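The block underneath contains the structure these notes are about, expressed in structure tokens.
The values are calculated or read from the model by the stated rules, or taken from the named source; none is laboratory data. Note that the coordinates shown come from a computational prediction; the quantities given were computed from them, not determined experimentally. A quick note on method: Cβ atoms are made from the backbone with ideal geometry, for glycine too, and the neighbour counts reach across all protein chains shown. Accessible surface is based on the protein model in full, side chains and every heavy atom, while ligands, DNA and RNA are left aside. Shrake-Rupley method; radii C 1.70, N 1.55, O 1.52, S 1.80 Å.
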Amino acid sequence: MGEFLRNNWFVVVIAVILISFIGYFIFDANRYNVSGKTMDGKEVVASIDGKDVTADDLYNELESFDSTLLYNMYRNAVINQTIETTDSLKEDASTLESTIRTNAQSNSTNYEASLAAELASYGYKSIDDLDDYCLTSVKEKEMNKAYVDEHFDEYKKAVESVSPRTVSIISMSVTDADELTDDEQKKKDNIDQALEDGSFADAATAFSEDETTAANDGFYGYIDSNSSSSSTTLDSSVISAALELEKGQTSDWITVTDSTTGAISLYKVHVDETDIEKIHESKNEDVTDQLLYAFLQNNQGLSVTIVEENAKNLDIKFNDEDVQKKIEDYISTQKGENE
């Protein structure tokens, strides 16, 4: 049964959510399931692909998930009572929803089921709640940003340890990095000369084949030592080179081969800024968003601390001591207090 539940976890999660009375979970919720079906004397709360799932199965398999979901629902309530809904946040939420739907459709043929499963883990009942999820998400960013801004000096050391920086790039495609064609060699020489005579920004604007960054003086954005292919479009060799440079320095040529297409490109990377204070004050929202994520990523338990601190300003009462303890234990675990 354990393997079955793990393989069908998203169906089980949705089943649990739909039969739950908000604020209570699993055992207490099962009395609202009116199927009346039993198996070996145990109440059946769901049937999936012809297999029955009992209340005991759910409790044993999803006890740890119980605390996560309860905390997510608690966090959602704190966020929505702390941050006022504005037209600007609604607009940001609408953009986020559109992006999520587009990405989900491109990655899954049954994207609505995938989204429903993800939403269920955050305490939402169906895909119809995606707009609420997105609004809560953009509100959470505002809440996190306000807290980090206020406690910047307290948490910046952990981020400084991963060498935060903003960088710019120049790229050009080649057929063979070891044997350039005449046209390729001429372009490479022109870039080198432009870098010698002027700024990296001017050279990137004039010669870089990366259209997105070339249109912005070559500016790529934020990276640190935690950046990887999952969080950035830059190759790891370019990131490694950038981390070895000081502010204002430019790398030698770096050869990058696309692992999927086999296409070969030459890169130059330039470090624009390494001062965390100045990065924090950037007018580029993508940069400040990525720095905010770095604060949350590199300071254990910061996200739950922010929820906990904002909750102190609210009149929160728990009608169920078990629910309260599970949420408090979850917060303590995330902060590393139970290790």
Could you list, in their original order, any pairs among LYS125/LYS312; LYS187/LYS247; LYS145/LYS325; LYS268/LYS335 whose Cα atoms are separated by more than 32 Å? LYS268/LYS335
Assigned charges on the beta-carbon of Lys, Arg, Asp, Glu; segment 138-178 dipole about Cα centre (debye): 120
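Restricting to DSSP loop positions (anything but H, G, I, E, B) with no more than 15 other Cβ atoms inside 10 Å of their own Cβ, which trypsin sites (Lys or Arg not before Pro) remain in segment 297-339?
Listed in order of number, the matching sites are LYS312, LYS317.
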Just read off the accessible area of ASP183 with the full protein assembly in place, 1.4 Å probe, to the nearest 10 Å². 120
Considering every Cα-Cα pair within segment 163-203, what fraction, in whole percent, is farther apart than 16 Å? 46
Quick check: pseudo-label points 7 Å beyond the Cα along Cα→Cβ at THR86 and ASP252, how many nm apart are they? 5.0
Might you work out the accessible area of ARG101 for me, using a 1.4 Å probe with all protein chains in place, and round it to the nearest 10 Å²? 70
Can you pull out the GluC sites (Glu not before Pro) in segment 135-222 that DSSP calls coil and that have at most 11 other Cβ atoms within 10 Å? GLU179
If I histogram all Cα-Cα distances within segment 95-220 using bins 10 Å wide from 0, what percent of pairs lands in each bin? 11, 21, 19, 26, 17, 6, 0
Out of residues 5 or more away from TYR220 or on other chains, whose amide H comes under 5 Å of its own, with H placed 1.01 Å from N in the peptide plane? VAL167, SER168, ILE169
Phi-based couplings in Hz for segment 138-147 (Karplus 6.51, -1.76, 1.60; Gly and Pro marked x): 6, 5, 4, 4, 5, 5, 5, 4, 4, 5
Rounded to the nearest 20 Debye, what is the dipole magnitude of segment 110-267 about its Cα centre when Lys and Arg each give +1 and Asp and Glu each give -1 at the C-beta? 520
Among GLU321, GLU285, GLU97, what's the order by accessible area (1.4 angstrom probe), most exposed first? GLU321, GLU285, GLU97
Between the residues ASN190, LEU180, VAL78, the Cα farthest towards the positive end of the dipole of segment 55-191, that dipole coming from +1 and -1 charges on the beta-carbon of Lys, Arg, Asp and Glu, is from ASN190
Pseudo-spin-label distance ILE316 to TYR293, built 7 Å along Cα→Cβ, given in nm, is 2.6
What figure in square angstrom, to the nearest 10, would you give for the accessible area of LYS90 with a 1.4 Å probe? 110
Net charge within 14 Å of ALA242 by Cβ-Cβ distance, Lys/Arg positive one each and Asp/Glu negative one each, not counting ALA242 itself? -4
Rg and Dmax of segment 270-339, using alpha carbons, in Å: what are they? 17.0, 57
For ASN110 and THR333 in one chain, what is 0.36 nm times their gap in residues minus the Cα-Cα distance, to one decimal in nm? 76.8 nm
May I have the pair-distance distribution P(r) for segment 198-301, computed from all Cα-Cα distances with 10 Å bins from 0 and rounded to whole percent? 13, 45, 34, 8, 0
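Can I get the semi-axes of segment 57-161's equivalent ellipsoid? Compute them from the C-alpha gyration tensor as square roots of 5 times the eigenvalues, in angstrom, largest first.
Result for segment 57-161: semi-axes of 26, 21, 15 Å.
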